[in-house]
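Here is the structure we will look at, set down as structure tokens.
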Amino acid sequence: MKSWLTTTDHKRIGLLYFFTAFAFFLIGGIEALVIRAQLAQPNGHLVTAETYNQLFTMHGTTMVFLALMPLSASFFNYIVPLQIGARDVAFPRLNAFSYWVFLLGGLFLNASWLVGPLFHAGTLNVAPDGGWFGYANLTERQFSPGPNIDFWLLGLQILGISSLAAGFNFIVTILNLRAPGMRMMRVPAFTWMTLVTQFLVITAFPVITVGLAFLMFDRFFGTHFYVHEAGATPILWQHLFWLFGHPEVYILILPAMGIVSDVLPTFARKPLFGYTVVVYSGVLIGFMGWGVWSHHMFSVGLGPIADSVFSATTMLIAVPTGVKIFNWIATLWGGDIRGTTALHFAVGFIAMFIIGGLSGVTHASPPADLQQTDTYYVVAHIHYVLFGGTIMGLFAGIYYWWPKMTGRLLSETLGKWHFWLQFIGMNLAFFPMHFIGLLGMPRRVYTYPPELGVADLNL
């Protein structure tokens with residue numbers, strides 16, 4: 001036990017990340033189940049409006065920062081040093097530090113479900129309730145007087161420290177600790193995508209840190225960074241958040257793309273088609289991810305020039321993504337395919353990611369986006385990309401590398417059951433949301449009238 005608590009071994013830290021992140025993944029899943037149960041019929045009263053706000057805020061925050069990112073991190077830790085022939089990561093103790101700080105941040109955030117009495121709140125739970133992107137000025141003291149938002153902003157700052165520590169660590173590891181002869185263009189695709197991801201981490205997290213610091217000063221020290229009456233603007237928060245938030249979605253998806261690029265050649269029994277193009281398209285996605293953030297803000301009135309520019313960049317980023325999809329399909333084409341569970345998940349990833357990408361292209365058009373923004377259409381989009389994409393890709397990695405990481409082979413029969421239940425279940429849950437959104441159901445509402453006509457689709 002003590003050896004696990006004090007370990008600096010990259011494999012052990014990878015396993016610690018894996019099991020911790022998986023536990024948070026289950027917590028986020030339970031939150032999602034309660035959300036869907038509440039919305040299963042019109043005028044539901046399974047939970048109160050306030051609890052519902054806490055549920056969807058914590059579900060989003062948990063899945064993004066406590067489940068998907070650290071699940072990717074478990075593979076960075078375990079697999080990357082093995083793929084480049086390194087003995088360990090560059091800074092083993094910094095690596096251990098980043099895991100324990102992540103655990104602290106996750107426990108701190110989730111403690112908010114239980115510590116209401118400490119704050120004389122009158123309820124047990126004072127969980128964050130401002131949505132996972134905490135729009136100003138909802139998050140100001142005036143509108144959120146309790147400790148809810150404080151848990152969120154401090155928790156995210158703690159998690160940011162962990163992510164930055166890991167980011168610098170892996171950049172140094174991949175650039176400096178490769179075995180002799182392991183040139184950059186011989187490095188496996190997963191390690192390349194890890195490198196791009198870490199550069200995004202170390203450049204994107206300082207942006208959200210600044211935004212959170214402003215919010216912290218507003219809440220604790222009476223400043224007015226986001227208060228319109230004081231001459232500031234709440235739009236500043238949106239710019240800071242989405243300037244972090246769009247690279248963040250690539251931080252979530254690129255590792256899964258790397259896994260798929262490693263899994264497909266193994267089970268198609270032929271090399272990855274166009275390796276260099278796959279690598280460069282990943283790097284290009286990393287660069288272009290910085291130029292699209294305001295497509296989250298088409299409805300705030302940025303003006304025709306900004307709207308046009310961000311519309312164009314959003315359509316352009318579909319190009320390197322499409323290139324990857326063509327490369328993956330070409331890798332499978334004519335291969336001697338072994339239909340393992342890992343391959344099922346990798347191919348499922350491609351299919352679901354295409355659907356998520358297509359609905360994403362519809363957000364690139366400002367007039368269309370005005371109709372879709374803040375409706376369930378956007379919820380469908382993000383879940384096809386992050387559940388159908390990232391989670392499917394991560395499960396491909398779990399089934400693929402589990403024997404490497406634990407010395408045990410997972411059952412193929414159970415694995416196939418898992419795949420089909422998850423694949424069919426996700427489509428049943430999220431595909432109708434496109435229609436629910438286009439029929440006019442806003443997201444983040446805890447109940448809806450039967451007249452809206454979406455009761456059957458919500459079930």
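Tabulated results
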read-out: Condition check for T362: within 26 Å of T194 (Cα to Cα), hydroxyl-bearing (S, T, Y) and assigned to a helix (DSSP H, G or I); value: no
read-out: Per-region count, region 47-87, residues among the hydrophobic types (A, V, I, L, M, F, W, C), more than 30 Å from T139 (Cβ to Cβ) and assigned to a loop (DSSP other than H, G, I, E, B); value: 1
read-out: Odd one out for L302 among (1) touching a residue at least 40 places away in the same chain (Cβ under 8 Å); (2) of a type outside the set (V, I, T); (3) assigned to a loop (DSSP other than H, G, I, E, B); value: (1)
read-out: Residue in region 324-335 that is out of contact with any Lys or Arg (no Cβ under 7 Å at 6 or more places or on another chain), modelled with pLDDT under 95 and either in the same structural domain as F435 (by TED's automatic domain parsing) or buried (at least 20 other Cβ atoms within 10 Å of the Cβ) (or both) present; value: yes
read-out: Failed item in (1) touching a Lys or Arg at 6+ places or on another chain (Cβ under 9 Å); (2) farther than 23 Å from F65 by Cα, with A429 passing the rest; value: (2)
read-out: Residue ID - nearest to the chain's Cα centre (by Cα), chosen from residues in region 178-210 that are buried (at least 23 other Cβ atoms within 10 Å of the Cβ) and not hydrophobic (A, V, I, L, M, F, W, C); value: T197
read-out: G360 being at pLDDT below 95, under 30 Å from F267 (Cα atoms) and surrounded by 19 or more Cβ atoms within 10 Å (Cβ to Cβ); value: yes
read-out: Restricting region 263-293 to residues that are out of contact with any Ser or Thr (no Cβ under 9 Å at 6 or more places or on another chain) and of a type outside the set (V, I, T), the residue that is farthest from R186 (Cα to Cα); value: W293
read-out: Scope region 360-405; condition touching a Lys or Arg at 6+ places or on another chain (Cβ under 9 Å) and under 18 Å from I350 (Cβ atoms); matching residues; value: none
read-out: Condition broken by F244, with the remaining ones in (1) in the same structural domain as A342 (by TED's automatic domain parsing); (2) under 26 Å from F133 (Cβ atoms); (3) not basic (K, R) satisfied; value: (1)
read-out: R443 being surrounded by fewer than 21 Cβ atoms within 10 Å (Cβ to Cβ), among the charged types (D, E, K, R), farther than 30 Å from D307 by Cα and touching a helix residue (DSSP H, G or I) at 6+ places or on another chain (Cβ under 6 Å); value: no
read-out: Selected residue (only one of A232, A213 is modelled with pLDDT of 95 or more, surrounded by fewer than 22 Cβ atoms within 10 Å (Cβ to Cβ) and within 21 Å of T139 (Cβ to Cβ)); value: A213
read-out: Odd one out for F22, checked against (1) surrounded by fewer than 19 Cβ atoms within 10 Å (Cβ to Cβ); (2) free of Cβ contacts under 8 Å to residues at least 60 places away in the same chain; (3) closer than 19 Å to N125 by Cβ; value: (3)
read-out: So G44, is it assigned by TED's automatic domain parsing to the domain that holds I149, surrounded by fewer than 22 Cβ atoms within 10 Å (Cβ to Cβ) and within 14 Å of the chain's Cα centre (by Cα); value: no
read-out: So R183, is it within 13 Å of A136 (Cα to Cα) and at pLDDT 95 or above; value: no
read-out: Some residue of region 448-457 being under 19 Å from G29 (Cβ atoms) and surrounded by 18 or more Cβ atoms within 10 Å (Cβ to Cβ); value: no
read-out: Residue check, L409 exposed (fewer than 15 other Cβ atoms within 10 Å of the Cβ), closer than 28 Å to P265 by Cβ and modelled with pLDDT under 95; value: yes
read-out: Search result, residues across region 25-46 that are part of a helix (DSSP H, G or I) and free of Cβ contacts under 8 Å to residues at least 40 places away in the same chain; value: L26, G28, G29, I30, E31, A32, L33, V34, I35, A37
read-out: Options A204, A136, A165; residue that is in contact (Cβ under 8 Å) with a residue 12 or more places away in the chain and assigned to a loop (DSSP other than H, G, I, E, B); value: A136
read-out: Filter result for L386 (more than 21 Å from A32 (Cα to Cα) and part of a helix (DSSP H, G or I)); value: no
read-out: Qualifying positions in region 101-126 - at pLDDT 95 or above and of a type in the set (F, W, Y); value: F102, F108, W113
read-out: In region 420-448, residue farthest from H344 (Cα to Cα) [restricted to those that are aliphatic (A, V, I, L, M) and in contact with a Gly (Cβ under 8 Å, 6 or more places away or on another chain)]; value: L439
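The values are calculated or read from the model by the stated rules, or taken from the named source; none is laboratory data. Treat the numbers as computed from the prediction; the structure is a model and nothing was measured. Glycine also receives a Cβ, built like all others from the backbone with ideal geometry; neighbour counts cover every protein chain displayed.
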